[in-house]
Amino acid sequence: MVKLILIFRETKPDANFLIGWSTRFVPQAERMPGLRRVTVSHVEGGPAGPSDVRLIHELYFDDRAALTAAMAAPEGIAAGEALVALLGTEPGAIEMLFADHKEGDVHGA
């Protein structure tokens, strides 16, 4: 599998961020063709304390071709437009990564 990882950073305090993310971006992103799985992590900090990362949203696809097609589809374009509407041009507000994803059970069950 391949995933698109969206790392949302706290560049300025915004109490409405989660509302905008869940009502504008999520509905568009979850309509992307070929989407197989979604994970969302609300970051609480790390061993060194607080983090500027507030949210990690991962969208899983069968392969890179499926991810590329999904991003170019009308639903993917709408999701991108929703991100721009939500975040504007705030530098560092989001980082987008593509990752080859492997998963297995640690205990072999």
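Looking at the range 72-89, I want the residues that are assigned to a helix (DSSP H, G or I) and have a partner that is open to solvent by 70 Å² or more (accessible area, probe 1.4 Å) with Cβ atoms under 6 Å, at least 6 apart or on another chain. Which pairs are those?
Pairs that qualify, where the first residue is assigned to a helix (DSSP H, G or I) and the partner is open to solvent by 70 Å² or more (accessible area, probe 1.4 Å), are Glu75/Arg31; Ala82/Arg24; Leu86/Arg24.
Looking at the range 38-94 only, could you name the residues that are touching a His at 6+ places or on another chain (Cβ under 7 Å) and of a type in the set (Ser, Thr, Tyr)?
Tyr60
Considering only residues of the range 20-59 that are without any contact (Cβ under 8 Å) to a residue 12 or more places away in the chain and assigned to a strand (DSSP E or B), which is most open to solvent (accessible area, probe 1.4 Å)?
Out of the qualifying residues, it is Gly46.
The values are calculated or read from the model by the stated rules, or taken from the named source; none is laboratory data. No experiment lies behind these values; they were computed from the predicted model shown. No Cβ is skipped: glycine too gets one built from the backbone with ideal geometry, and neighbour counts run over all protein chains shown. Ligands, DNA and RNA are excluded from the accessible area calculation, which covers all protein heavy atoms including side chains. Shrake-Rupley method; radii C 1.70, N 1.55, O 1.52, S 1.80 Å.
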